[in-house]
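**Q** Pasting in a structure now, in structure tokens, and then I'll have a few things to ask.
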Amino acid sequence: MTKIMKNWWKALSVLILFSVIVGGLMGPTPRLPILNESIRNVYFHVPLWFSMIILLLTSAIYSGKYLRSGNPDHDRIAVEFTNTALVFGLLGCLTGSVWANFTWGEPWPNDPKLNSVAVGMLLYFAYSILRGSFDDEQRRARISAVYNIFAFAVFIPLIFVVPRLTDTLHPGQGGNPAFGQYDMDNQMRRIFYPAIIGFTLLGVWICELRIRMRRIQALLED
């Protein structure tokens, strides 16, 4: 019983995501020109990005904790939250490309938002490469923690500030109205907001498993 109570959030994640998949693919949506049925992608593409940002923020926080404490477990947590966030980011790019292909005519148009996202993702891929370039564990953890905080500080302005400085195809950017202003009704919001929670909980669940594996690996190596 105690174990069930401890893992309630995992069951909640599964329940929410199941509801999102069923409601997202079969539920009613506004009938709009150009978007048509592709608007259903808002239940997947956008929540994946929100979840990715939450995971990256958590990773940056634990990198800061590592710099203060020197606790290697904080470094493990930071790494796995970043790795999971990158997977979510790639899935977000994939779902976004499918959506763009139907609405804008090509999978990756020359759009400031998309280009900023690409730069931000490359920053975090560089983080993974950086970690693999050091043999000394403490030096690797310390330098990568500093870089991780720097990457997050650059990533947020890249995807939220830079696109607003010019015209862009994305809703809510560069004078283009956001979804909530013209086409997301209450029925969609009942699926959209839980989707953010569900994907975030799934990301934390994946991180928990990966962190546990890293801890076991560290014990075996010692």
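The values are calculated or read from the model by the stated rules, or taken from the named source; none is laboratory data. Keep in mind that this is a model prediction, so the values were computed, not measured. No Cβ is skipped: glycine too gets one built from the backbone with ideal geometry, and neighbour counts run over all protein chains shown. These accessible areas exclude ligands, DNA and RNA; they are computed on the full protein's heavy atoms, side chains included. Shrake-Rupley method; radii C 1.70, N 1.55, O 1.52, S 1.80 Å.
**Q** Take the alpha-carbon positions of the chain, form their convex hull, and give its projected area averaged over all directions (one quarter of the hull surface) in nm².
**A** 14.3
**Q** For the chain, give the percent of accessible area contributed by carbon and sulfur heavy atoms, probe 1.4 Å, rounded to a whole number. Can you show the working numbers first?
**A** Details: 8160 of 12220 Å².
With neighbouring chains kept in place, the figure for the chain is 67 percent.
**Q** Name the most mobile residue of PHE44, PHE125, PHE88, meaning the one with the largest mean-square fluctuation, in a Gaussian network model of the chain with Cα contacts below 10 Å.
**A** Among PHE44, PHE125, PHE88, the largest GNM mean-square fluctuation belongs to PHE125.
**Q** Can I ask one more? Would you calculate, for the chain, the mean residue ellipticity at 222 nm contributed by helices, counting each DSSP H stretch of 4 or more residues as -39,500 (n - 2.57) and dividing by all residues, to the nearest 500?
**A** -25500 deg cm²/dmol
**Q** Same structure, new question: Enter the accessible area of LEU220 (Å², nearest 10), with the probe set to 1.4 Å and all protein chains included.
**A** That residue has around 140 Å² of solvent-accessible surface.
**Q** Calculate the dipole size of the chain relative to its Cα centre from +1 charges on Lys and Arg beta carbons and -1 charges on Asp and Glu beta carbons; express the result in debye to the nearest 20.
**A** Using Cβ point charges on Lys, Arg, Asp and Glu, the chain gives about 600 debye.
**Q** Let a ≥ b ≥ c be the square roots of the eigenvalues of the Cα gyration tensor of segment 1-132; is it rounded (a/c under 1.5), or, if not, prolate (a/b larger than b/c) or oblate?
**A** oblate
**Q** Would you mind working out the accessible area per residue for the chain, using a 1.4 Å probe, and quoting it in Å²?
**A** Values: 12220 Å² over 222 residues.
Accessible area per residue, the chain: 55 Å².
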